[in-house]
1. Kindly indicate the residue of region 20-43 that is over 19 Å from ALA69 (Cβ atoms) and open to solvent by 80 Å² or more (accessible area, probe 1.4 Å) and also nearest to the chain's Cα centre (by Cα) among those meeting that condition.
2. Out of region 1-19, which residues are more than 12 Å from ALA69 (Cα to Cα), open to solvent by 80 Å² or more (accessible area, probe 1.4 Å) and not hydroxyl-bearing (Ser, Thr, Tyr)?
3. Within region 37-63, can you find the residues that are among the basic types (Lys, Arg) and at pLDDT below 95?
4. Among (1) loosely packed, with under 13 Cβ neighbours inside 10 Å; (2) modelled with pLDDT of 95 or more; (3) of a type outside the set (Ser, Thr, Tyr), there is one condition GLY66 misses while meeting the rest; what is its number?
Amino acid sequence: MTTGIAIRHYDHRHAAELRPLLLEVYAEVYADAAATDPFATVDRFARGLDAWSTRPGWTCVVGYDGDQAVGYAYGALLAAGAPCSAS
């Protein structure tokens, strides 16, 4: 029986330890798209994740059902005048 989703908050200091989890979830969710779209591959996502997650303003929330990650969202502040693309 599920008792609800637990939300855990992380920042750029946790990026290295979170990376494998975020890549695993991404690979599962986007498996079909990655098979045909070169912009949806795990490698491409990983490059963007690595670029953003090293920024001091990067934050991430991960939803867990027990010990199982069921989703995440992340973002970072964009410095004034900085380009929008990190990959």
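1. Within region 20-43, the first condition is being over 19 Å from ALA69 (Cβ atoms), and the residues that meet it are 32-33, 35-41, 43.
In the following step, the residues that additionally are open to solvent by 80 Å² or more (accessible area, probe 1.4 Å) were identified as 32, 35-36, 38-39, 43.
Values: ASP32: 18, ALA35: 19, THR36: 21, PRO38: 18, PHE39: 16, ASP43: 13 Å.
Here the answer is ASP43.
2. If the condition is that a residue be more than 12 Å from ALA69 (Cα to Cα), open to solvent by 80 Å² or more (accessible area, probe 1.4 Å) and not hydroxyl-bearing (Ser, Thr, Tyr), then MET1, HIS9, ARG13, ALA16, GLU17, ARG19 are the ones that fit.
3. Initial filter on region 37-63 (among the basic types (Lys, Arg)): 44, 47, 55.
The one that is among the basic types (Lys, Arg) and at pLDDT below 95: ARG55.
4. Among (1) loosely packed, with under 13 Cβ neighbours inside 10 Å; (2) modelled with pLDDT of 95 or more; (3) of a type outside the set (Ser, Thr, Tyr), the lone unmet condition for GLY66 is (2).
The values are calculated or read from the model by the stated rules, or taken from the named source; none is laboratory data. Values in this document were obtained by computation on a predicted structure and should not be read as measured data. Counting neighbours? That spans all protein chains shown, and the Cβs are built from the backbone with ideal geometry, glycine included. What goes into the accessible areas is simple: the full protein's heavy atoms, side chains included, and nothing from ligands, DNA or RNA. Shrake-Rupley method; radii C 1.70, N 1.55, O 1.52, S 1.80 Å.
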